[in-house]
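Step one of this worksheet: look at the structure below.
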Amino acid sequence: MQISIVIPLLNEQESLNELHDWIVRVMQSNHFLYEIIFIDDGSTDGSWETIKELSEKNEHVKGIRFLKNYGKSQALHAGFKAAEGDVVITMDADLQDNPEEIPELYELITNGGNHIVSGWKKKRYDSVITKNIPSKLFNWAARRTSGVKLHDFNCGLKAFNGQVVKNIDVHGEMHRYIPVLAKNAGFSKITEKVVQHQARKYGTTKFGAERFINGFLDLITIWFVSKFGRQPMHLFGALGVLMFIVGFGFALYLGIDKLFLNPTGRLITERPQFFIALTAMIIGTQLFLAGFIGEIMVRSRKNDTRYSISDKINI
(Lines give C-alpha, C1' and ligand atoms only; values in the text may rest on other atoms or scores of the structure.)
Protein backbone atom coordinates (compact mmCIF):
# COMPACT_ATOMS: atom_id res chain seq x y z
CA MET A 1 0.00 0.00 0.00
CA GLN A 2 1.32 3.42 -0.94
CA ILE A 3 -0.48 5.87 1.35
CA SER A 4 -2.20 5.70 4.73
CA ILE A 5 -4.15 8.83 5.62
CA VAL A 6 -4.62 9.11 9.39
CA ILE A 7 -7.35 11.51 10.51
CA PRO A 8 -8.05 12.07 14.23
CA LEU A 9 -11.35 13.76 14.90
CA LEU A 10 -13.72 14.96 17.59
CA ASN A 11 -17.29 15.96 16.71
CA GLU A 12 -16.66 16.64 13.02
CA GLN A 13 -19.71 14.89 11.54
CA GLU A 14 -20.60 17.78 9.24
CA SER A 15 -17.26 17.75 7.41
CA LEU A 16 -16.58 14.00 7.09
CA ASN A 17 -18.50 13.26 3.89
CA GLU A 18 -17.01 16.24 2.07
CA LEU A 19 -13.50 15.43 3.33
CA HIS A 20 -13.83 11.77 2.31
CA ASP A 21 -15.03 12.61 -1.20
CA TRP A 22 -12.25 15.17 -1.66
CA ILE A 23 -9.56 12.67 -0.58
CA VAL A 24 -10.98 9.94 -2.82
CA ARG A 25 -10.91 12.26 -5.85
CA VAL A 26 -7.24 13.03 -5.21
CA MET A 27 -6.36 9.36 -4.65
CA GLN A 28 -8.16 8.17 -7.78
CA SER A 29 -6.80 10.91 -10.03
CA ASN A 30 -3.26 9.96 -9.00
CA HIS A 31 -3.91 6.18 -9.05
CA PHE A 32 -2.72 5.72 -5.46
CA LEU A 33 -3.25 2.54 -3.45
CA TYR A 34 -4.53 4.00 -0.20
CA GLU A 35 -6.41 3.66 3.06
CA ILE A 36 -8.19 6.31 5.11
CA ILE A 37 -8.10 5.71 8.86
CA PHE A 38 -10.54 7.81 10.89
CA ILE A 39 -9.92 7.84 14.64
CA ASP A 40 -13.01 8.98 16.53
CA ASP A 41 -11.66 10.45 19.75
CA GLY A 42 -14.85 10.13 21.79
CA SER A 43 -17.22 12.15 19.60
CA THR A 44 -20.69 12.82 21.00
CA ASP A 45 -22.30 13.70 17.68
CA GLY A 46 -22.92 11.26 14.81
CA SER A 47 -19.31 11.11 13.61
CA TRP A 48 -18.95 7.36 14.15
CA GLU A 49 -22.20 6.59 12.31
CA THR A 50 -20.93 8.66 9.39
CA ILE A 51 -17.62 6.76 9.38
CA LYS A 52 -19.52 3.46 9.30
CA GLU A 53 -21.59 4.68 6.35
CA LEU A 54 -18.45 5.75 4.50
CA SER A 55 -16.81 2.35 5.13
CA GLU A 56 -19.82 0.58 3.65
CA LYS A 57 -19.49 2.38 0.33
CA ASN A 58 -15.67 2.57 0.28
CA GLU A 59 -13.61 -0.45 1.36
CA HIS A 60 -10.55 1.76 1.79
CA VAL A 61 -12.13 3.51 4.77
CA LYS A 62 -11.16 2.19 8.19
CA GLY A 63 -12.21 3.39 11.62
CA ILE A 64 -11.14 3.31 15.25
CA ARG A 65 -13.48 4.53 17.96
CA PHE A 66 -12.28 5.48 21.44
CA LEU A 67 -14.45 4.82 24.47
CA LYS A 68 -14.06 8.47 25.46
CA ASN A 69 -11.99 11.52 24.56
CA TYR A 70 -8.30 10.73 25.18
CA GLY A 71 -6.66 13.45 23.10
CA LYS A 72 -5.08 13.88 19.69
CA SER A 73 -1.77 12.24 20.61
CA GLN A 74 -3.48 9.02 21.64
CA ALA A 75 -5.59 9.09 18.47
CA LEU A 76 -2.49 9.46 16.31
CA HIS A 77 -0.78 6.65 18.24
CA ALA A 78 -3.66 4.30 17.45
CA GLY A 79 -3.73 5.41 13.82
CA PHE A 80 0.02 4.91 13.42
CA LYS A 81 -0.23 1.39 14.82
CA ALA A 82 -2.94 0.51 12.30
CA ALA A 83 -1.35 2.23 9.28
CA GLU A 84 -0.02 -0.07 6.55
CA GLY A 85 1.13 2.46 3.95
CA ASP A 86 4.69 3.16 2.86
CA VAL A 87 3.90 6.84 3.45
CA VAL A 88 1.63 8.02 6.26
CA ILE A 89 -0.19 11.36 5.89
CA THR A 90 -1.82 13.01 8.90
CA MET A 91 -4.45 15.69 8.51
CA ASP A 92 -7.26 17.26 10.51
CA ALA A 93 -10.92 16.54 9.80
CA ASP A 94 -12.14 20.14 9.80
CA LEU A 95 -11.40 20.81 6.08
CA GLN A 96 -8.72 23.36 6.94
CA ASP A 97 -6.09 21.00 5.48
CA ASN A 98 -6.18 20.62 1.72
CA PRO A 99 -6.03 17.02 0.37
CA GLU A 100 -4.66 18.38 -2.93
CA GLU A 101 -1.31 18.70 -1.11
CA ILE A 102 -1.04 14.92 -0.66
CA PRO A 103 0.62 13.98 -4.00
CA GLU A 104 3.46 16.46 -3.53
CA LEU A 105 3.95 15.42 0.09
CA TYR A 106 4.12 11.80 -1.09
CA GLU A 107 6.77 12.68 -3.69
CA LEU A 108 8.88 14.54 -1.13
CA ILE A 109 9.00 11.35 0.98
CA THR A 110 9.41 8.70 -1.71
CA ASN A 111 11.61 10.56 -4.23
CA GLY A 112 12.98 13.31 -2.01
CA GLY A 113 14.41 10.89 0.54
CA ASN A 114 12.88 12.72 3.50
CA HIS A 115 11.75 11.06 6.71
CA ILE A 116 9.20 13.78 7.53
CA VAL A 117 7.65 16.62 5.55
CA SER A 118 5.80 19.05 7.79
CA GLY A 119 3.19 21.45 6.48
CA TRP A 120 3.75 25.17 6.94
CA LYS A 121 0.58 27.27 6.99
CA LYS A 122 2.33 30.45 5.89
CA LYS A 123 -0.96 32.26 5.31
CA ARG A 124 -3.49 31.52 8.02
CA TYR A 125 -7.21 32.20 8.35
CA ASP A 126 -7.27 32.19 12.14
CA SER A 127 -7.63 34.97 14.70
CA VAL A 128 -4.47 37.10 14.81
CA ILE A 129 -4.66 37.75 18.54
CA THR A 130 -5.76 34.37 19.89
CA LYS A 131 -3.97 32.06 17.45
CA ASN A 132 -1.49 33.62 15.01
CA ILE A 133 0.65 35.61 17.44
CA PRO A 134 0.75 32.89 20.16
CA SER A 135 1.53 30.34 17.44
CA LYS A 136 4.50 32.36 16.15
CA LEU A 137 5.87 32.70 19.70
CA PHE A 138 5.34 29.02 20.37
CA ASN A 139 7.05 27.95 17.13
CA TRP A 140 10.01 30.25 17.83
CA ALA A 141 10.50 28.68 21.26
CA ALA A 142 10.15 25.17 19.81
CA ARG A 143 12.82 25.86 17.18
CA ARG A 144 15.24 27.29 19.73
CA THR A 145 14.75 24.48 22.22
CA SER A 146 14.57 21.46 19.91
CA GLY A 147 16.97 22.41 17.15
CA VAL A 148 14.38 21.34 14.53
CA LYS A 149 14.07 24.23 12.08
CA LEU A 150 10.36 24.22 11.26
CA HIS A 151 8.14 27.26 10.98
CA ASP A 152 4.91 25.50 11.99
CA PHE A 153 5.03 22.68 14.53
CA ASN A 154 1.25 22.79 15.01
CA CYS A 155 0.24 22.07 11.42
CA GLY A 156 -1.79 18.85 11.31
CA LEU A 157 -0.85 18.15 7.69
CA LYS A 158 2.35 16.10 7.73
CA ALA A 159 3.85 13.24 5.73
CA PHE A 160 5.97 10.47 7.25
CA ASN A 161 8.05 7.62 5.98
CA GLY A 162 6.25 4.51 7.22
CA GLN A 163 9.24 3.49 9.35
CA VAL A 164 9.07 6.73 11.32
CA VAL A 165 5.57 6.21 12.72
CA LYS A 166 6.42 2.66 13.77
CA ASN A 167 9.45 3.78 15.77
CA ILE A 168 8.20 6.77 17.74
CA ASP A 169 5.93 6.84 20.77
CA VAL A 170 3.33 9.63 20.63
CA HIS A 171 1.70 10.10 24.03
CA GLY A 172 0.40 12.74 26.40
CA GLU A 173 0.15 15.93 24.34
CA MET A 174 3.28 15.28 22.28
CA HIS A 175 1.59 15.35 18.85
CA ARG A 176 2.94 18.88 18.38
CA TYR A 177 6.48 17.55 18.63
CA ILE A 178 6.41 14.47 16.44
CA PRO A 179 9.31 15.88 14.34
CA VAL A 180 11.32 16.31 17.55
CA LEU A 181 10.48 12.78 18.69
CA ALA A 182 11.54 11.51 15.26
CA LYS A 183 14.81 13.43 15.38
CA ASN A 184 15.58 11.99 18.82
CA ALA A 185 14.87 8.51 17.39
CA GLY A 186 17.43 9.03 14.62
CA PHE A 187 15.22 10.23 11.74
CA SER A 188 17.04 13.43 10.86
CA LYS A 189 15.83 14.17 7.30
CA ILE A 190 13.07 16.59 8.23
CA THR A 191 11.85 19.34 5.93
CA GLU A 192 8.74 21.44 5.43
CA LYS A 193 6.42 22.48 2.63
CA VAL A 194 4.22 25.54 2.40
CA VAL A 195 0.62 24.30 2.35
CA GLN A 196 -2.71 25.98 1.77
CA HIS A 197 -4.67 26.77 4.91
CA GLN A 198 -8.42 27.13 4.60
CA ALA A 199 -10.98 28.81 6.81
CA ARG A 200 -13.04 26.47 8.97
CA LYS A 201 -16.27 25.63 7.14
CA TYR A 202 -18.21 23.75 9.83
CA GLY A 203 -18.33 23.83 13.62
CA THR A 204 -15.88 25.51 15.95
CA THR A 205 -12.28 24.87 16.92
CA LYS A 206 -11.67 22.28 19.65
CA PHE A 207 -8.54 24.04 20.91
CA GLY A 208 -8.35 27.09 23.15
CA ALA A 209 -5.57 29.34 24.37
CA GLU A 210 -4.60 26.76 26.99
CA ARG A 211 -3.08 24.58 24.27
CA PHE A 212 -0.16 27.01 23.99
CA ILE A 213 0.49 26.84 27.73
CA ASN A 214 0.38 23.06 27.57
CA GLY A 215 2.59 23.21 24.50
CA PHE A 216 5.33 25.12 26.30
CA LEU A 217 5.17 22.69 29.23
CA ASP A 218 5.40 19.76 26.82
CA LEU A 219 8.39 21.43 25.15
CA ILE A 220 10.23 21.42 28.48
CA THR A 221 9.30 17.76 28.92
CA ILE A 222 10.61 16.90 25.45
CA TRP A 223 13.89 18.69 26.16
CA PHE A 224 14.33 16.87 29.46
CA VAL A 225 13.35 13.45 28.15
CA SER A 226 15.59 13.75 25.09
CA LYS A 227 18.62 14.58 27.22
CA PHE A 228 18.03 12.74 30.48
CA GLY A 229 15.04 10.45 29.92
CA ARG A 230 17.13 7.29 29.83
CA GLN A 231 19.55 8.32 32.58
CA PRO A 232 17.89 10.79 34.99
CA MET A 233 20.73 10.24 37.47
CA HIS A 234 22.99 12.24 35.16
CA LEU A 235 20.97 15.37 35.97
CA PHE A 236 19.55 14.81 39.44
CA GLY A 237 22.58 12.94 40.70
CA ALA A 238 25.00 15.63 39.50
CA LEU A 239 22.91 18.44 41.00
CA GLY A 240 22.50 16.48 44.23
CA VAL A 241 26.23 15.84 44.59
CA LEU A 242 26.98 19.49 43.84
CA MET A 243 24.51 20.74 46.46
CA PHE A 244 25.77 18.23 49.03
CA ILE A 245 29.38 19.31 48.45
CA VAL A 246 28.39 22.96 48.94
CA GLY A 247 26.58 22.13 52.18
CA PHE A 248 29.39 19.90 53.41
CA GLY A 249 31.89 22.66 52.64
CA PHE A 250 30.00 25.13 54.82
CA ALA A 251 29.67 22.54 57.59
CA LEU A 252 33.39 21.75 57.46
CA TYR A 253 34.24 25.45 57.66
CA LEU A 254 31.96 25.89 60.69
CA GLY A 255 33.49 22.87 62.42
CA ILE A 256 37.09 24.03 61.89
CA ASP A 257 36.24 27.58 62.94
CA LYS A 258 34.51 26.44 66.13
CA LEU A 259 37.14 23.87 67.15
CA PHE A 260 40.37 25.65 66.24
CA LEU A 261 39.95 29.26 65.15
CA ASN A 262 37.30 30.78 67.38
CA PRO A 263 36.20 28.32 70.12
CA THR A 264 34.61 31.04 72.27
CA GLY A 265 32.55 32.63 69.47
CA ARG A 266 28.87 32.29 68.72
CA LEU A 267 27.15 28.94 68.79
CA ILE A 268 27.17 27.20 65.43
CA THR A 269 23.36 27.16 65.38
CA GLU A 270 23.30 30.95 65.65
CA ARG A 271 25.29 31.45 62.47
CA PRO A 272 23.58 31.72 59.02
CA GLN A 273 26.18 29.41 57.46
CA PHE A 274 24.77 26.57 59.57
CA PHE A 275 21.35 26.83 57.94
CA ILE A 276 22.91 27.15 54.47
CA ALA A 277 24.90 23.98 55.10
CA LEU A 278 21.92 22.08 56.49
CA THR A 279 19.58 23.12 53.66
CA ALA A 280 22.11 22.41 50.92
CA MET A 281 22.88 18.91 52.23
CA ILE A 282 19.18 18.05 52.60
CA ILE A 283 18.37 19.30 49.08
CA GLY A 284 21.43 17.53 47.68
CA THR A 285 20.35 14.25 49.27
CA GLN A 286 16.80 14.63 47.95
CA LEU A 287 18.00 15.36 44.41
CA PHE A 288 20.31 12.35 44.49
CA LEU A 289 17.47 10.12 45.69
CA ALA A 290 15.19 11.54 42.96
CA GLY A 291 17.76 10.55 40.35
CA PHE A 292 18.15 7.10 41.89
CA ILE A 293 14.38 6.50 41.98
CA GLY A 294 14.11 7.80 38.43
CA GLU A 295 16.71 5.28 37.27
CA ILE A 296 14.75 2.46 38.93
CA MET A 297 11.50 3.60 37.27
CA VAL A 298 13.12 3.82 33.82
CA ARG A 299 14.42 0.27 34.14
CA SER A 300 11.22 -1.25 35.53
CA ARG A 301 8.46 0.63 33.72
CA LYS A 302 5.95 -1.25 31.61
CA ASN A 303 3.80 0.06 28.81
CA ASP A 304 0.53 1.24 30.29
CA THR A 305 -2.83 1.38 28.56
CA ARG A 306 -3.29 4.97 27.41
CA TYR A 307 -6.65 4.58 25.71
CA SER A 308 -9.52 2.12 25.34
CA ILE A 309 -10.96 1.24 21.92
CA SER A 310 -14.68 0.52 21.83
CA ASP A 311 -15.08 -0.35 18.14
CA LYS A 312 -13.13 -0.89 14.91
CA ILE A 313 -13.95 -0.96 11.22
CA ASN A 314 -11.87 -2.94 8.66
CA ILE A 315 -8.92 -3.21 11.11
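Report, ordered by chain and residue number, the aspartates and glutamates lying within cross-link reach of K149, taken as a straight Cα distance under 14 Å and ignoring same-chain residues fewer than 8 apart. The qualifying aspartates and glutamates are E192.
Matching the structure-derived Rg/Rh (Cα atoms, Kirkwood Rh) against the labelled list [x] 1.16; [y] 0.96; [z] 0.99 gives the label [x]. Quick check on the chain: helices-only [θ] at 222 nm, where DSSP H runs of length 4 and up contribute -39,500 (n - 2.57) each and the sum goes over total residues. Nearest 500, please. Mean residue ellipticity, 222 nm, calculated: -15000 deg cm²/dmol.
In the chain, the longest principal axis of the Cα atoms and the axis of helix 210-228 are about 60 degrees apart. On a per residue basis, the chain carries 52 Å² of accessible surface, using protein heavy atoms and a 1.4 Å probe.
When both the stretch 178-199 and the stretch 281-298 are represented by their alpha-carbon centers, they are found 35 Å apart. Placing a label point 7 Å from the Cα of D45 along the Cα-to-Cβ direction, the residues of the stretch 86-104 whose backbone N falls under 16 Å from that point are 92-97. Applying the Karplus relation 6.51 cos²θ - 1.76 cosθ + 1.60 with θ = phi - 60° to the stretch 55-61 yields 3J(HN,Hα) values of 5, 6, 9, 9, 5, 7, 8 Hz, where x marks Gly and Pro.
Computed in the context of the full set of protein chains, the accessible area of the chain at 1.4 Å probe radius has 57% of its extent on carbon or sulfur.
Cross-link partners of K81 among lysines, defined as those whose alpha carbon lies under 17 angstrom from its own and excluding same-chain residues fewer than eight positions apart: K62, K72, K158, K166, K312.
What aspartates and glutamates could a cross-link reach from K68, if we take a straight Cα to Cα line under 19 Å and drop same-chain neighbours fewer than 8 places away? Cα-Cα hits under 19 Å: E12, D40, D41, D45, E49, D92, E173, D304, D311.
Could you give the length gained by full extension between I245 and L33, i.e. 0.36 nm per residue of separation minus their alpha carbon distance, to one decimal place?
Taking I245 through L33 to full extension adds about 70.0 nm, to one decimal.
Each of W223 and L259 was given a label point 7 Å from its Cα along the Cα-to-Cβ line. The distance between the two points is 4.4 nm. Each of D311, D94 has its accessible area taken with a 1.4 Å probe; listed largest first, they run D311, D94. Karplus-derived 3J(HN,Hα) values for the stretch 179-185, using 6.51 cos²θ - 1.76 cosθ + 1.60 with θ = phi - 60°, are x, 5, 4, 5, 4, 5, 7 Hz; glycine and proline are entered as x. Can you compute the FRET efficiency between Q286 and V194 using 1/(1 + (r/R0)^6), with r the Cβ-Cβ distance and R0 = 45 Å? Round to the nearest 0.05. Once rounded, the FRET efficiency stands at 0.35.
Largest GNM mean-square fluctuation across V164, V61, V194, computed for the chain with C-alpha springs under 10 Å, falls on V194. If you plug each phi of the stretch 36-51 into the Karplus form 6.51 cos²θ - 1.76 cosθ + 1.60 with θ = phi - 60°, what whole-Hz ³J(HN,Hα) values come out, in order, with x for Gly and Pro? With coefficients 6.51, -1.76 and 1.60, one gets 10, 10, 8, 10, 7, 8, x, 5, 10, 9, x, 4, 5, 4, 5, 4 Hz.
Counting only protein heavy atoms and using a 1.4 Å probe, the accessible area of L181 comes to about 30 Å².
Rounded to the nearest 0.05, what FRET efficiency is calculated for T269 and L235 with R0 set to 35 Å and r the Cβ-Cβ distance? Mind showing how you got there, number by number?
Working: r = 33 Å, r/R0 = 0.94.
Efficiency for this residue pair is about 0.60.
The values are calculated or read from the model by the stated rules, or taken from the named source; none is laboratory data. Every value quoted in this text rests on a predicted model; they were computed, and no experiment measured them. Because the Cβ atoms are built from the backbone with ideal geometry, glycine has one as well, and the counts that use them run over all protein chains shown. Please note that ligands, DNA and RNA were not included when accessible areas were found on the heavy atoms of the full protein model with its side chains. Shrake-Rupley method; radii C 1.70, N 1.55, O 1.52, S 1.80 Å.
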